[in-house]
Amino acid sequence: MRPLEGLVVLEFCQFLAGPSAGLKLADLGARVIKIERPVKGEACRQLSIKDLFVDDSSLLFHTINRNKESFAADLKNPEDLTLIKKLIAQADIMTHNFRPGVMEKIGLDFTETLAINPKIIYGTITGYGNIGPWAKKPGQDLLLQSLSGLSWLSGRKSQEPVPFGLAVADLMCGNHFVQGILAALLKRAKTGKGVLVEVSLLESVLDVQFEAITSFMNDGGQLPERGDIKGSAHAFLSAPYGVYQTQDGFLSLAMGDLLFIGNALGLDLNKYADKPHWFTHRDEIRTLLSEKLATQTADYWLKVLQKEGIWCGKVFNYEELDSQPFVKELKLKQTVKNSDGETMVTTRSPIQLDGKILVSSKAAPKVGEDNLKIHEQFLHNA
């Protein structure tokens, strides 16, 4: 039995942050019902990566909406809204990421929802919180990365800002949302009352940077300064931390004793014996390391360095990663199937409980695919 089995989640969310949270709740056993507009469904169904689609919905939509059900309803239609309220009365959790004011107009804000279901866990995601001049601005991942300072942490000093290559604000916000919902479930168990859970993309993307921002606030307001040679991997860490080119690929070096690493490489770095120099002269040191590591293959250096217990590793692309034995040994992939019998390979939940991997075989639903079943189970006699 999964820990959230028996709980019903109504998901009024679109795009990535809210639906990614719903995915995690579903993996943990909750029954997640997406409330979607009829016909077109959730907007993310048409937001594609590399123009990849399955059964008229984007592959992106499928990656974050597997193992869910779909109930199509027009929230502006009084009859449909009545049905939604009947569902809310029987649900445990309700989530949405509409802009502030939208649910108030519909009559489904937290206060009005509590009147329908006094024990509801009501979760909401916003871009920038509920107050202030930014409250109703669009909360989009690249915009949040840009305003939060995150794009100044990757790349080289001489480069322009470099955004992270994933929707990190959305996905971390989804993780924070799940944490809040799980905490709210515990609070409800103690009090018997509904709980309001609120997170924002802005607060999440700042929390992700707590190390860097804390450094800025406690170091005289010094801005992060990226290294300025190829392979610089962290604006706040000293040499040797970074990625280096070898004869046939790339090698990453994590933190470690610089002089010890130099000895292992046959490189005299004693002029940098004063440890503060590892940071202040990091570009100079990384240049020396780069020149040395370029003389042999990645496998050669791995053998030399790992023998000495030095933290290092080859840099894989997805094809190379997929060929690694641990992918199969740890069962890192799973196959899901939709109602038409089409299959897709995707990642799985990273969580194991009592030694069991949380896998699911159900792909994302079509718009309104579960209306009849939900009517029979929840609304027939309501």
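The values are calculated or read from the model by the stated rules, or taken from the named source; none is laboratory data. The model shown is predicted, which means the values in this text are computed figures rather than measured ones. Cβ placement follows ideal geometry from the backbone for every residue including glycine, while neighbour counts extend to all protein chains displayed.
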* **Among (1) surrounded by 16 or more Cβ atoms within 10 Å (Cβ to Cβ); (2) in contact with a Pro (Cβ under 8 Å, 6 or more places away or on another chain); (3) not assigned by TED's automatic domain parsing to the domain that holds residue 246 - the single one residue 353 does not satisfy** => (1)
* **Pairs where the first residue, in the range 52-75, is without any contact (Cβ under 8 Å) to a residue 12 or more places away in the chain and the second is surrounded by fewer than 23 Cβ atoms within 10 Å (Cβ to Cβ), C-beta under 7 Å, 6+ apart** => 52/58; 52/59; 53/59
* Of everything in the range 340-350 that's loosely packed, with under 12 Cβ neighbours inside 10 Å and under 21 Å from the mean Cα position of the chain (by Cα), which residue is farthest from residue 3 (Cα to Cα)? -> 345
* To do: Out of 197, 205, 243, 178, report the one residue that is within 30 Å of residue 44 (Cβ to Cβ), outside any helix (DSSP H, G or I) and modelled with pLDDT of 95 or more.
  => 197
* **the range 41-56, subset among the charged types (D, E, K, R) and surrounded by 14 or more Cβ atoms within 10 Å (Cβ to Cβ), residue nearest to residue 73 (Cα to Cα)** => 42
* For the range 198-225, what are the residues that are under 18 Å from residue 151 (Cβ atoms) and within 17 Å of the chain's Cα centre (by Cα)? -> 201, 202, 203, 204, 205, 206, 207, 208, 209, 210
* Structure fact -> Scanning the range 36-60 for residues that are at pLDDT below 95 and touching an Asp or Glu at 6+ places or on another chain (Cβ under 8 Å), the one nearest to residue 102 (Cα to Cα) turns out to be 42
* Would you be able to say whether some residue in the range 85-100 is touching a helix residue (DSSP H, G or I) at 6+ places or on another chain (Cβ under 9 Å), in a helix (DSSP H, G or I), buried (at least 16 other Cβ atoms within 10 Å of the Cβ) and among the aromatic types (Phe, Trp, Tyr)? => no
* Hey, residue 216 hits all of (1) of a type outside the set (D, E, K, R); (2) outside any loop (DSSP other than H, G, I, E, B); (3) within 16 Å of residue 286 (Cβ to Cβ); (4) not assigned by TED's automatic domain parsing to the domain that holds residue 306 but one; which does it fall short on? -> (3)
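To keep it simple, each residue is scored yes or no on (1) assigned to a loop (DSSP other than H, G, I, E, B); (2) touching a Lys or Arg at 6+ places or on another chain (Cβ under 6 Å); (3) crowded, with 16+ Cβ neighbours inside 10 Å.
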| position | (1), (2), (3) |
| --- | --- |
| 79 | no, no, no |
| 131 | yes, no, no |
| 144 | no, no, yes |
| 164 | yes, no, yes |
| 171 | no, no, yes |
* Asked: Do we have any residue at all in the range 25-34 that's assigned by TED's automatic domain parsing to the domain that holds residue 136, in a loop (DSSP other than H, G, I, E, B), closer than 20 Å to residue 179 by Cα and touching an Asp or Glu at 6+ places or on another chain (Cβ under 7 Å)?
  -> yes
* Of these, 239, 235, which one is surrounded by 15 or more Cβ atoms within 10 Å (Cβ to Cβ) and in contact (Cβ under 8 Å) with a residue 60 or more places away in the chain? -> 235
